[in-house]
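Accompanying notes for the structure given below.
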Amino acid sequence: MAQGDVHRAILAAWRIEQPRLITSLARMLRDVPLAEELTQDALVAALERWPETGVPERPGAWLMAAARSRALDHLRRVPMLARQHGMIAAALEIEQNAMPDLDSPLDDDIGDEMLRLIFTACHPRLSRESRVALALRMVCGLTTEEIARAFLLSEATVAQRIVRAKRLLSDSGLSYETPQGEERNRRLPTVLEVVYVIFNEGYTAARGDDWLRPQLCDEARRLGRVLTALAPDQPEVHGLMALMELNASRNAARTGPDGEPILLMDQDRRLWDALQIRRGLDALARARKLGGGTGFFTLQAAIAACHARAPAPESTDWRSIAGLYAQLSALTNSPVVELNRAVAVAMVAGPAAGLEIVEALADFPALKGYHLLPSVRGDLLQRLGRLAEAQAAFTAAAALAGNARERALLERRAAACAP
């Protein structure tokens, strides 16, 4: 296998296995930042050895063994930790470096190792922004670039937040814990935000050659289901679950045979998953019954429900969608929400009305590098017959798009506007 192919295989295996590696080592060492550091060492070992020895038959198992070996070395090397974890180290020696059963439940009711780590990373001593960035990078395996794109921030800003958060967690002495009761409830909104970003990265990938990353959508929905069992009386938990189910129901219709993106209005709605739609609508009803009709996730789920209920694009209740976006905009004061509202307003009152909202967003610093701003502007200009301006807008959007599939779509739209 060529060296480039080996490196791609390593990075593919690493992307899949990193969260599981950190989860296993954090449970053993009781220190999340240390666990992340040791798993990085395992990646370095793979980069050094696999080009010479070839990709193992079970890459994930190789990485896990390498990471566990480094954890054992650490326990032996640091006297204080070796004393603190003496029973673990002794067991490891007796079993010839075999790890204890890391899948047995701890003394808590979360019952999911990944979710436990997300709760840990969302420590109240960290700022909300740092909690989210740390959990997404260290626990969930998203890259700094992907996190920066999710929050419309620079990579340097996100990287600084992660470094500071890891340092504070390590220095706090509380780097691995399972929050209970009211403390868990305080962390829950940030945990929901983490799960939401994981889903969004799977729904529309920031980088790479694939527009969808279904495994991330599936993982986010799995975490959402655990959360609904853990906090059944919290409306926003059900609102997030409704949003994910309703959006994921379209996945089979969102790409063509060659993986090219298909926009919402062009999708074959017969391919939408009726079971997922039903689950999403049920979760939305549950959120509203619990009094959460005006929450961040529940409002978005209500918008997705308007699309899910429409058997054809022309029967979509755009007036209700525009009203829901207005509520969401008042709640969040987000320029991204306003951009989405512009699309809905254009469907109700015409493209000129939508374009007026878009033009007012042009000077927002957070949207300067956001490719969907010129993309929406191009769409509205095209509908107004201002084709030269539309072509320029689509070309600008393509230059900003990080995903290869999305870039190609925008380039095609620009070409379609050419004289």
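Structure notes:
- Among the residues making up region 310-351, those that are under 20 Å from F364 (Cα atoms) and exposed (fewer than 14 other Cβ atoms within 10 Å of the Cβ) are A330, L331, T332, N333.
- Here S375 clears all of (1) closer than 30 Å to A285 by Cβ; (2) among the hydroxyl-bearing types (S, T, Y); (3) crowded, with 18+ Cβ neighbours inside 10 Å except the condition numbered (1).
- Taken over region 124-152, residues that are of a type outside the set (K, R) and in contact (Cβ under 8 Å) with a residue 60 or more places away in the chain amount to 11.
- Selection status of G224, under 16 Å from A301 (Cα atoms), out of contact with any Lys or Arg (no Cβ under 7 Å at 6 or more places or on another chain), free of Cβ contacts under 8 Å to residues at least 40 places away in the same chain and not assigned by TED's automatic domain parsing to the domain that holds R405: yes
- On inspection, R254 fails the criterion of being out of contact with any Leu (no Cβ under 7 Å at 6 or more places or on another chain) and of a type in the set (K, R).
Yes/no per residue for (1) within 18 Å of R250 (Cβ to Cβ); (2) surrounded by fewer than 15 Cβ atoms within 10 Å (Cβ to Cβ); (3) assigned by TED's automatic domain parsing to the domain that holds Q18; (4) at pLDDT below 90:
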residue	(1), (2), (3), (4)
E193	no, no, no, no
A206	no, no, no, yes
D210	yes, yes, no, yes
A229	no, yes, no, no
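- Conditions (1) surrounded by fewer than 21 Cβ atoms within 10 Å (Cβ to Cβ); (2) modelled with pLDDT under 95; (3) touching a Pro at 6+ places or on another chain (Cβ under 9 Å): number failed by A418: (3)
- Scope region 130-154; condition farther than 17 Å from R15 by Cβ and either of a type in the set (K, R) or assigned to a loop (DSSP other than H, G, I, E, B) (or both); matching residues: R131, L152, L153, S154
- Verdict on G181 being without any contact (Cβ under 8 Å) to a residue 12 or more places away in the chain, on the phi > 0 side of the Ramachandran plot and surrounded by fewer than 18 Cβ atoms within 10 Å (Cβ to Cβ): yes
- Subset tally (residues that are surrounded by fewer than 15 Cβ atoms within 10 Å (Cβ to Cβ) and closer than 17 Å to G224 by Cα) for region 276-303: 3
The values are calculated or read from the model by the stated rules, or taken from the named source; none is laboratory data. Fair warning: this is a prediction, and the values are worked out from it, not measured in the lab. Here the Cβ is made from the backbone with ideal geometry for all residues, glycine too, and neighbour counts use every protein chain on show.
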